[in-house]
1. Every residue in region 24-41 that is without any contact (Cβ under 8 Å) to a residue 12 or more places away in the chain, part of a helix (DSSP H, G or I) and either within 24 Å of Asn14 (Cβ to Cβ) or out of contact with any helix residue (DSSP H, G or I) (no Cβ under 9 Å at 6 or more places or on another chain) (or both), please.
2. Conditions first: (1) touching a strand residue (DSSP E or B) at 6+ places or on another chain (Cβ under 9 Å); (2) at pLDDT 90 or above. Phe43 passes all but one, so which condition is the exception?
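The values are calculated or read from the model by the stated rules, or taken from the named source; none is laboratory data. Just so it is clear, the structure is predicted and the values come from calculations on it, not from any experiment. Quick reminder, even Gly has a Cβ in these numbers, built from the backbone with ideal geometry, and neighbours come from all protein chains shown.
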Amino acid sequence: MTSENTLSSVGTENLEAIALRDQLQEARDQYYNGQPIMSDDQFDVLEARLRELSPDDPFFSEVGSAPTGPWGKHTHEVPMGSLNKIKQEGTGENTNVIRQGIADWFAVTEERSRS
């Protein structure tokens, strides 16, 4: 099978998804290691396009990136989960989710400082 036949059998949408995944993975790695290569808005646009093309893409099941610096991974007492674009229903805002996350973090920090 020639490479031309291989490419045509994959399809242009799949090729676009593969290219997007590679670009997003590189951007994620650079972001988590302190050297972002694109803005958050640019990342979100590319991520949304990948989600359109390949909603079950393995990219969406991965979180973070392997650390390259001296710090390594750290487990937080209060999980620092992703907001995953959660919006307050009907408003398009995620303020209540953010406020609750900040309140939880301050509660743990305050409790720790009393100990």
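1. Listed by number, the residues that qualify are Glu26, Gln30, Asp41.
2. (1)
Quick grid of which residues meet (1) modelled with pLDDT under 70; (2) not aromatic (Phe, Trp, Tyr); (3) not in a helix (DSSP H, G or I):
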{"residue": "Ser9", "(1), (2), (3)": "yes, yes, no"}
{"residue": "Glu47", "(1), (2), (3)": "no, yes, no"}
{"residue": "Gly90", "(1), (2), (3)": "yes, yes, yes"}
{"residue": "Asn96", "(1), (2), (3)": "yes, yes, no"}
